[in-house]
Amino acid sequence: MSFKQPETVCDDVNCPFHGALSLRGRMMVGTVVSDRMQKSVVVSIEYTKYYPKYERYARMNSRITAHNPPCINAKEGEKVKIAECRPLSKTKSFVVVEKE
């Protein structure tokens, strides 16, 4: 997995670029819907789900809590790419790796 290196440098241990956090698993693109937590953001992922009974697709979305390193510093409304990592807390298992 290769990502664009951020311009700024941070001293966060849970940063995939400047710390010791390794990435694995899924990568997704979504929109930041909340950045009110310290070093965390809530990312909304939109997808479609198929219902065979009605032969139709429904639009769904998931809200995923992700770690926001200081070197990336994503704000509300921005489109970001998140990658899976080890669990960082009870709800955080993803980290923001780049802004799009």
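For (1) among the basic types (K, R); (2) within 11 Å of V95 (Cβ to Cβ), each residue gets a yes or a no:
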site: E7; (1), (2): no, no
site: V13; (1), (2): no, no
site: H18; (1), (2): no, no
site: S22; (1), (2): no, yes
site: R26; (1), (2): yes, no
site: V42; (1), (2): no, no
site: Y54; (1), (2): no, no
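Test K53 against the criterion of being over 21 Å from E100 (Cβ atoms) and charged (D, E, K, R), and give yes or no. It is true that K53 is over 21 Å from E100 (Cβ atoms) and charged (D, E, K, R).
Within the stretch 13-28, residues that are of a type in the set (K, R) reach partners that are surrounded by 10 or more Cβ atoms within 10 Å (Cβ to Cβ) and not in a loop (DSSP other than H, G, I, E, B) with beta carbons closer than 8 Å, at six or more positions or on different chains, in the pairs R24/E84; R24/C85; R26/A83; R26/E84.
Evaluating G77 against the criteria (1) touching a Phe, Trp or Tyr at 6+ places or on another chain (Cβ under 7 Å); (2) on the phi > 0 side of the Ramachandran plot leaves one unmet condition, (1).
A short reminder: the numbers here are calculations on the coordinates, not readings from a lab. Quick caveat, the model's predicted, so the values are computed rather than measured. When we count neighbours, we look across all protein chains shown, and the Cβ atoms used for this are built from the backbone with ideal geometry, even at glycine.
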